[in-house]
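None of the figures in this text is laboratory data; all of them are computed from the coordinates on show. Everything quoted here is computed from the prediction, not taken from an experiment. Quick reminder, even Gly has a Cβ in these numbers, built from the backbone with ideal geometry, and neighbours come from all protein chains shown.
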Amino acid sequence: MPYVAETETLVNTTAAGEQTSSSATVLKDGSYVVVWTSAGAVMAQHFAADGKKIGSEFTVIAPARLTGSPVVTATDDGGYVVTWQTFGEAVNSIINLTRQFGADDAPKTESGIQIGSLSKVGAQVSVTSFGSQIFYSWDVGENTTRSIKGRFYDTKTGLFGAELTLAPAGGYGKSMPAVTALKDGTFVLTYSSAMEDGSGLGIYALRFRSDGTPVTTGNPASQSVTGGFRVNTTVTNNQTNPSIAALEDGGFVIVWMSGAAIMAQRYGADGNAVGGEVNIATIGSTLMPFMMKVVALKEGGFFVVWHELGKDANGAAVMGQFVDAGGRLSGASFVVNKLTAGDQYLASATQKGFDILLTWSDSTQDGDGLGVMKQVIRKQADLTDQDETITGTSSDETFVTDPGGVSAGDSINGGGGTDTIVLAAAGTMDVTLPRVFSGIERLTGSPGNDVFIVSAERLEGLQKIDGAGGNDILRMKNTGTLDLSMMELVSIEKIEGTAGNDTIVGSAGRDIIDGGAGEDGMTGGAGDDTYYVDNASDSVTEREGGGFDDIVASVSYTLLAHIERLTLSGTGDLTARGNELDNVLVGNDGKNTLTGGLGNDDLDGGKGADLMVGGQGFDRYHVDDAKDIVDEAADNGGGRDTVVSTISFSLSGPAVRGEVENLTLAGEDDLDGIGNAIRNFITGNNGENELRGLAGNDQLDGGDRGRARDILVGGAGDDFYIVYGEEDIIDERADGGEGRDSVSASCSFDFESDNIRGDVEDLFLTGAGDFIGAGNRLANDIYGNEGNNILMGRDGDDLLDGGLGNDVLIGGTGNDTYFVSDQNDIVDERDGNGTDTVESFISYSLNARSNANILGAVENLILSRSASNIDGTGNELANQITGNAASNTLTGLGGDDRLDGGGGDDRLVGGVGNDTYIVDSVGDVVSEANGLGRDLVLSSVSFSLSDATRAIGAIENLTLTGTAANGTGNALDNVLTGNDLQNVLTGLSGNDILNGGKGADVLLGGKGSDIYYVDNMADLVDETGGRKGETDTVYSSVSFDFSDPMQAAGAVENLVLTGTAVSGTGNGFDNVLTGNGMNNILSGGAGNDLLIGGLGSDTLTGGSGADTFRFDTMPNARTNVDTITDFRSGEDTVLLENAIFTSLRATGKLGKTFFAVGTDGLAKDRDDFLIYNSKTGALMYDADANGKGAAMQIAWLGKNLQVSSTDFTVI
């Protein structure tokens, strides 16, 4: 059954939307028109007889309402009519419309003409023509009331006559009409009728004269209750979707679906059946039956086309079947479409002279949904045992033939273009026949099992061989060389050599090459190739990067370069050795030795007691025999290796040499798996397993998805258990169990259940169910899945993360952390204590008054795991609230809160309490508008407490952190603290404390009595903004001079030396200078100054003015004797602390009798407690006067001074 097929081409130009439901007709001049639906419109394209487009596609009817099922029919004046159905304006109303066009595509009617009554369902229309008349038939009504109607149309005058009832409802209704005109001027209507043939649906037919009156037909015994005769003989299935064609002999043929089969029945010109039913094809349940059409052939016989799933490489295909004039199938059914990408749907056919014009919808070719394709095929004479010649044209053509009809005397000449021979049926095609394949570029097999006999000299010019389906073989005819490197092979399952010494070079695709007997040379290409080796002298050559290749060897073999897999066949005790690649080595039923060598190898000894040596790399061993040996010690074994075993296995047993890390049990049996001293991954099978990790941080996976009960024993180390059922047992007591262990459970799981032996810390719920996860007395981390979980921490500092879903998190006692991901998550701390934290990536409030899903007292809140602008709110406790990288609003409410916005421009609202704010962006805003307490800002950027846009309300203190440069106070008493950089701190109003920290800082106190802390010689204290009457104090850990403009500006009164500072110098104001424990040098300068040396032997210089020197530390003649360099009697004063100098008793001016002046420094009577030695200038304190105790020097005042008791005051 040879035929020639042109390559299909795209009909539609517009690609947007779905192009579908095509129909075609051939006009009087040999040209043809194709119509189809597109986005609610009906479109058309005119083609010349040679297939070239005439003009552009045009609109038959615009998409006013939903349209469908267009049919185009040629008219005797050279034009055509297009008929379609559309939904009317009323509910459930379908109407059929028609429009007439001339040969030049100009419309002869302005719009669609309604040809008949409306229908609620169906309204399927069929059209035929005879002479100038067009006849329409369609079904109307609903269910049992459906009948077949008809109407005549004249191409010159339009519709005429009344609407005819061709097949009244009767029975259970009529549907699916198809009509055709016969050569004698009559026409035949066929349809499906319900409940008349003894099955569900039957096929019936009626014959009418050209005026619509019935013609008496044969088969009276088969007539229906409404006069039609039954077509189908088989009644075991529903008979549906009839199609009809007028035959060249004056008769007709009806084709229909009978269950899963396509059936046909021929009739003669007299209306009598010719022969019996013919089974065109049996296609199973994948056919969409309304896609079947029949068309008559000019030379006699007919052709059936349909759509069937799974018939080409990518899904639905258009199938065809020729039937000869005697009703016999011409060969097998075949795939019509040559392009196989995507699906092919909705096939239609019409006669085009001796050719057949086919159209269908294709899912890929127009780039946007369905497109309409067309193809012309012509039937050739069947090849017989005689010599025949078939010749193509210059176009791309397809010749379809049965392989059995091709003999050495036949000739198929493709002519020009790219031509293809397609086998219509499975069989053997000898491509070496010298005359057969001239000008043929491509060869395509059938869907069955094909054999192509080839030779090197007959492949010249052949570009592609496609097996198309089945198990196809390319077989050499003669011993020699076969080079397929320039050939495209598709769906060829095997390339076979001869019994001699062959050389076979594969194609660029995936080849299976079997050289056969002899010493063969086999070379692959770029694909994943397979080679059969049966002789030690066979050679295999593969290039680098040439796919994943396999050798199947019945002899011992070592893989050569660039080959990945080696499979031993037969039953002999063979050896297989890999190469440097990642190899797969598979043994046979004998005792094999498999050696992987370099690379990550997969070794499977098969049946028998096998020795498997992995070598270097991450190797995988398959064990199925108790005598199998896994050797990771030999051949420089290393990497992380795995044993897959169908028997119980121990990684620390005698079957393992060296260290293997992982064990997977396979099969369905109840098996045990044991690890070793290193970290193991051990996985069970579908049976009941006992898995023991021993030492190391092991992972134990029961592996049966809860179908069997497993016992998992971790041993020492941080072990990870995977369980699927609540009946699984976890044992952390045996084998020295210890470490921090975790359970991954796809079921509810409780650490305090009887199935937990020992201490396990962490739990991960997996799977898709709503589970309960419960901890124990330890600090547990418990994670939920995507379901609605209940997590309970119990005792310990627990972490609870519900994951997705609406979860309930119950912390229990301890400092617990809750991860919240949904507004419906519930945090329950009612039975807990400690300091607890919620970590949330949604806006969240710890305040139970505004958040009903928080129960109990939680202290801290962290916004995390999200880049969203979310907010956090505290409660009445002292909260720590931390934002994320986005812009957050954090509200502390009551308590002493710490608010840290994190990244982004945040708004921090403290509320009541002594709150601390962490600022890290110039866009952060701190609000204390409604708050109380003494508050602190910790800022890593310059910050001003008086900037109303960034600091709202009364905020007292500011500390600079990070790289912040400047800090400014407000009208309150501020404490401003710098960082390690050079800061400028400005107090403004209020009694401020300014501490620059490390670095050379500028400290501006402003108004008020300010305190400065200095720790750098380059620090500058600036009091130029101060007011009279204010008293400012500098605390300095370095020597400091009020009169040095590099250290002080403005009126600073007091200085206190701290740390190791040595000297302090006043200015023109009344200064108070206080030393530290060092030997200080204090200089008052002008003004009435107070100098307090403290511990150490200090040098005190009052300067001009009435100065005061204070002694209030325990005297020590060696370490604590101060020197007053400019003491002026009667002007300066010495203050003595009576808590130190206890003999001086009452405060006030020193009693006259308590003071003595002499040249020896000794007391003369019992109340000479303070003695001035005018000779040496020493000032002595004698606690018991002229008693036994010695006097102790406390100061040097200078020699020969006129000192009296009035110069001293007791304090």
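For segment 3-378, give the magnitude of the charge dipole about the Cα centre (Cβ charges: +1 Lys/Arg, -1 Asp/Glu; no others), in debye to the nearest 20.
Details: 25 positive and 33 negative charges, 101 e Å.
Charge dipole, segment 3-378, about its Cα centre: 480 debye, nearest 20.
With label points built 7 Å along Cα→Cβ from the Cα atoms of ASP1165 and ALA852, find their separation and express it in nm.
The modelled label-to-label distance comes out at 9.4 nm.
Within segment 301-365, which chymotrypsin sites (Phe, Trp or Tyr not before Pro) sit in a loop by DSSP and count at most 10 neighbouring Cβ atoms inside 10 Å?
PHE354
Using unit Cβ charges (K, R positive; D, E negative) and no other charged atoms, how large, in debye to the nearest 20, is the dipole of segment 1116-1211 about its Cα centre?
I would put it at about 160 debye.
Mind checking the full-extension length gain between ALA1117 and ALA634? Use 0.36 nm per residue of separation minus the Cα-Cα distance, one decimal, nm.
Using 0.36 nm per residue and subtracting the Cα-Cα distance, I get 165.3 nm.
Choose one of GLY872, GLY545, VAL188: the residue whose Cα lies farthest towards the positive end of the charge dipole of the chain (beta-carbon charges +1 Lys, Arg; -1 Asp, Glu; about the Cα centre).
VAL188
Once the dipole of the chain is set up with Lys and Arg at +1 and Asp and Glu at -1 on Cβ about the Cα centre, which of GLY40, GLY590, THR73 lies farthest towards its positive end?
Toward the positive end, the furthest listed residue is THR73.
Suppose every Lys and Arg Cβ carries +1 and every Asp and Glu Cβ carries -1, with no other charges. What dipole size does the chain come out with about its Cα centre, to the nearest 20 debye?
Using Cβ point charges on Lys, Arg, Asp and Glu, the chain gives about 4880 debye.
So the label point goes 7 Å from the Cα of ALA885 along Cα→C-beta, right? Which residues of segment 892-909 then have their backbone N under 15 Å from it?
So the set is 902-905.
How much length would be gained if the chain were fully extended between ARG777 and ILE113, taking 0.36 nm per residue of separation minus their Cα-Cα distance, in nm to one decimal?
My answer for the length gained is 230.4 nm.
Restricting the count to DSSP beta bridges whose residues both fall in the chain, what percent are antiparallel, rounded to a multiple of 5?
Around 40 percent antiparallel, to the nearest 5.
Apply 1/(1 + (r/R0)^6) to the Cβ-Cβ distance of GLU668 and SER485, taking R0 = 35 Å, and write down the FRET efficiency to the nearest 0.05.
In this case the efficiency is close to 0.15.
Which one, ALA167, SER21, LEU663, is farthest towards the positive end of the dipole of the chain when Lys and Arg carry +1 and Asp and Glu -1 on their Cβ?
Of ALA167, SER21, LEU663, it is ALA167.
How far apart, in nm, are two points set 7 Å out from the Cα along the Cα-to-Cβ line at ASP1184 and at PHE618?
9.1 nm
Give or take rounding to whole Å, what are the principal axis extents of the alpha carbon atoms in segment 3-378, in descending order?
53, 46, 39
What residues from segment 885-910 fall in the zone where the backbone N is under 13 Å from a label point 7 Å along the Cα-to-C-beta line of ALA929?
So the set is 908-910.
For an R0 of 30 angstrom, estimate the FRET efficiency from the Cβ-Cβ distance between SER1129 and THR1153 and round to the nearest 0.05. It would help to have the intermediate numbers written out before the result.
Working: r = 18 Å, r/R0 = 0.62.
Once rounded, the FRET efficiency stands at 0.95.
Rounded to the nearest 0.05, what FRET efficiency do GLU727 and ILE842 have when you use their Cβ-Cβ distance and R0 = 51 Å?
Result of the calculation: an efficiency of 0.90.
Identify the residues of segment 845-867 with backbone N under 20 Å of a label point that sits 7 angstrom from the Cα of ASN833 along the Cα-to-Cβ direction, or state none.
Those under the cut-off are 855-860.
Work out, step by step, the length gained on full extension between VAL235 and LEU66: first 0.36 nm times the residue separation, then minus their alpha carbon distance; give nm to one decimal.
On the way: separation 169, 0.36 × 169 = 60.84 nm, distance 3.67 nm.
Stretched out fully, the VAL235 to LEU66 stretch lengthens by 57.2 nm.
In nanometres, what is the gap between the two model label sites at ASP1044 and THR9, each 7 Å from Cα along Cα-to-Cβ?
For the pair ASP1044/THR9, the computed spacing is 10.1 nm.
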